[in-house]
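As structure tokens, the structure follows; a few thoughts come after it.
Values in this text are rule-based calculations from the coordinates and carry no lab data. Being a predicted model, the structure only gives us computed values, none of them experimental. Cβ sites come from the backbone with ideal geometry, for glycine too, and all protein chains shown count toward neighbours.
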Amino acid sequence: MERDAAAVAEAWDARYREQRDGWELGRPAPPLEAFLRRHPLAPRPPGVVLVPGCGRGHEAALLADLGFSAVGVDVSGEAVRRARQLHGARHPGIRWLQRDLFDGEGLARQGLDSGSLDGVLEHTCFCAIDPAQRQAYIATAARLLRPGGWLLGLFWCHGRPGGPPWGSDPAAIAGLCRAAGLRQELWQPAEDSVPQREHEWIGLWRREALSPAVPQRA
Ligand SMILES: C[S@@+](CC[C@H](N)C(=O)[O-])C[C@H]1O[C@@H](n2cnc3c(N)ncnc32)[C@H](O)[C@@H]1O
């Protein structure tokens, strides 16, 4: 079935307007914050880092606090407006873009081109999109990364039926990343998840120099 991007955007806008936003933590996800602040494998600034489906922008603000140039992208104009309101004064350097992550041309018009990013930070966007688009989601993240660029993600691997939030399986996520040319550096159950988010996994991948996301010329 054809995907109706405008309908997707409107559905998310409505969730924000009607406060059907049970995912909202009011702060960066604790496992991501602990990893970025303290883990020996944590990527270090500087670097341009995209947060897809940034919502109210707490992870983008964390990245800015750490010294990265953060770009928050969300298909929902309501989300982007709230992110700007919450973080704009403290972090005037964060770029907030209302864009569909699957709109490659729209991203490219904003300078988000193949190989343009140092990092991508995933938090509850993967579980929010149609599961049929997961391969495209990971492939998009890989394509946007420069060789050696990183994907850090907190993935909700619950097994409940239905969604969003759609459940997932750690082996399947690892397989999608591998197929997109991402080399796994860490993939393990997360510690310190908030109580309502059991079965989260945290992972760090790096884009291979010769990634299938960008075919090499003969
Ligand atoms: C469950 S919310 C999570 C928001 C934020 N990451 C957080 O953890 O608070 C999912 C977000 O992804 C956004 N989203 C869904 N599909 C998207 C797409 N195709 N492109 C960009 N953003 C998308 C929604 O508008 C929503 O803000």
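Let me spell out the model: positive unit charges on the Cβ of Lys and Arg, negative unit charges on the Cβ of Asp and Glu, origin at the Cα centre of the chain. What dipole size does that give, in debye rounded to 20?
Details: 26 positive and 26 negative charges, 116 e Å.
So the dipole magnitude of the chain works out to roughly 560 debye.
Quick check: residue separation of residue 42 and residue 192 times 0.36 nm, minus the Cα distance between them. What number comes out in nm?
On the way: separation 150, 0.36 × 150 = 54.00 nm, distance 1.67 nm.
In short, 52.3 nm is gained.
Return a whole-number percent for the relative contact order of the chain, with Cα pairs under 8 Å and 6 or more residues apart as the contact set.
Details: 403 pairs, mean separation 37.3, N = 218.
With pairs under 8 Å counted, the relative contact order is 17 percent.
Add +1 for every Lys or Arg and -1 for every Asp or Glu among the other residues with Cβ under 9 Å from the Cβ of residue 51, and state the total. List each step's numbers first, then the result.
Values: positive: none; negative: 59, 74, 122.
So the environment of residue 51 carries a net charge of -3.
Sum -39500 (n - 2.57) across every DSSP H segment of at least 4 residues in the chain, then divide by the residue count to get the 222 nm mean residue ellipticity, nearest 500.
Numbers: 7 runs with 69 residues, N = 218.
The per-residue figure over the chain is -9000 deg cm²/dmol.
Looking only at the chain, where both bridge partners belong to it, what percent of the DSSP beta bridges are antiparallel (to the nearest 5)? Kindly include the intermediate steps, with their values, before the conclusion.
Numbers: 14 of 31 bridges.
Restricted to the chain, the bridges split so that about 45 percent are antiparallel.
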